[in-house]
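I have placed the structure first, in the form of structure tokens, so that the comments after it can refer back to it.
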Ligand code: AMP
Ligand code: ZN
């Protein structure tokens, strides 16, 4: 089946084929670890995860890499070389407040002035949230989730190459700048060509530092700054790298090629970040392309409004899972949901449209997850836990696959599954095979049948035993023992829930 994706670079939907048939090489811009990632960030990470899982579903091997920005992302980086302050440095100031308010637990970051400790804390939080939501690449840390501060040597090497090839220069202020005029294709991705930038282009070029640059859109590659808390030696003085250079370097180093297949991010990254990445990589490699497909997720809104801290509609993954979502009237709902529900909610609208996060939407997603989960349990009971392998000749799986292959038409994919999940399939083992394959991509019917009929694995048998031990301890009112058993179950990767029939363990997403 042909896979088609919309490519921001060409503005068209194209047939996807990897450059090298052995493997798809894919890079995703990850979080800046100066705070908890919010659910808007996670919309773009789950979008990348959906691309990856879809390609794997179709039999491709995918080498997926994501970066962690722990240095160099400036507060005004929405415009070309906007300047401002390193976000990590700003976070160090905020951390004292966050600890005082309890937003970050006391004892979590020993020295709130140390940006490395802050980066470590928020990196761990990101990985935990990403794994909770089933973002596959997060399970591959540290191999494929890469920290910028671990790749300074690659950045120094690429900056040296860019100077050698006439794409970069040292300004009178000692800063190394990329010369946008040296790269005629600048603006191809975003439409912000140099002529348009000079005539304004929506204020995307700031007044910042113009006297030191050859062109106002030239952007920083290396900033010598001995007062910066995070700094490294370099031929241009001790300092720190710009934000854009990290992605060019990590993609090239870890994916091992000058031209990769897919590069993803949220829509705000098209300009300047991705435009600058292309200029850097192509400038250093001499290739005319960096990524063949550039794919971008549109922004998430909350109850129809831009998500922002000042409006108080800024949610982290923890906020949603722990019931801190408010309804359309701003009232607290106190409804906490399973991670699969948030995963589905963030995936279920097409990535090229804005997504509106609402309490009602979340409740609808909870209903869908419940239906799929119950369907799975019914099939497991009817098939005795037996699963038949299936291929795309199965009509339901075929319709599901055809929708995904059509630029990730998620509504079509869900439309192929949900009416079917309300039926009683003639062959439950085959149906279970279909559902397993669907779930490899969507990961929204996560509940392993620890309870219910059918064959059980050794692990399921042990977990069942622990659940029944927990119920016994509760009956005896031995709450110490109950807590201890609950901890044991959780350590094995299960969530512990109480149901009318006793304790239930639900396997967390993987
Ligand atoms: P940052 O942590 O700011 O570097 O952003 C990490 C990723 O989240 C980037 O790909 C952004 O484009 C993306 N992003 C930021 N805000 C949103 C949002 N409201 N909706 C969707 N993606 C977003
Ligand atoms: Zn990036």
Checklist entry - Pick from the stretch 8-53 the residues that are farther than 22 Å from residue 272 by Cα and part of a helix (DSSP H, G or I): which of them is nearest to ligand 1 (Cβ to nearest atom)? => result 39
Checklist outcome for this item: Checked the stretch 277-309 for anything under 19 Å from residue 155 (Cβ atoms) and not in a loop (DSSP other than H, G, I, E, B); matches are 277, 278, 279, 280, 281, 282, 283, 284, 285, 291
Checklist entry - Take the residues of the stretch 19-30 that are touching a helix residue (DSSP H, G or I) at 6+ places or on another chain (Cβ under 6 Å) and near ligand 2 (Cβ under 10 Å from one of its atoms): which is nearest to residue 49 (Cα to Cα)? => result 28
Checklist outcome for this item: Checked 56, 2 against criteria (assigned to a helix (DSSP H, G or I), away from ligand 2 (no atom under 16 Å from the Cβ), touching a residue at least 60 places away in the same chain (Cβ under 8 Å) and surrounded by fewer than 23 Cβ atoms within 10 Å (Cβ to Cβ)); the one match is 56
Checklist entry - Is it the case that some residue within the stretch 325-342 is on the phi < 0 side of the Ramachandran plot, free of Cβ contacts under 8 Å to residues at least 24 places away in the same chain and touching a strand residue (DSSP E or B) at 6+ places or on another chain (Cβ under 6 Å)? => result yes
Checklist entry - Are any of the residues in the stretch 295-304 under 17 Å from residue 73 (Cα atoms), buried (at least 24 other Cβ atoms within 10 Å of the Cβ) and either within 12 Å of ligand 1 (Cβ to nearest atom) or not assigned by TED's automatic domain parsing to the domain that holds residue 349 (or both)? => result no
Next on the checklist: Tell me whether the stretch 315-324 contains one or more residues that are within 13 Å of ligand 2 (Cβ to nearest atom) and crowded, with 22+ Cβ neighbours inside 10 Å.
Outcome noted: no
Next on the checklist: Can you go through 263, 274 and tell me which one is assigned to a strand (DSSP E or B) and within 12 Å of ligand 2 (Cβ to nearest atom)?
Outcome noted: 263
Item to check | Hey, residue 98 out of contact with any helix residue (DSSP H, G or I) (no Cβ under 8 Å at 6 or more places or on another chain), away from ligand 2 (no atom under 16 Å from the Cβ) and at pLDDT 80 or above or not | outcome: yes
Checklist entry - Quick check, is residue 234 in contact (Cβ under 8 Å) with a residue 40 or more places away in the chain, surrounded by fewer than 16 Cβ atoms within 10 Å (Cβ to Cβ) and touching a helix residue (DSSP H, G or I) at 6+ places or on another chain (Cβ under 7 Å)? => result no
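The values are calculated or read from the model by the stated rules, or taken from the named source; none is laboratory data. These numbers were taken from a predicted model, which means no experiment stands behind them. In this analysis, Cβ positions are derived from the backbone assuming ideal geometry, glycine residues included, and neighbour counts consider all displayed protein chains.
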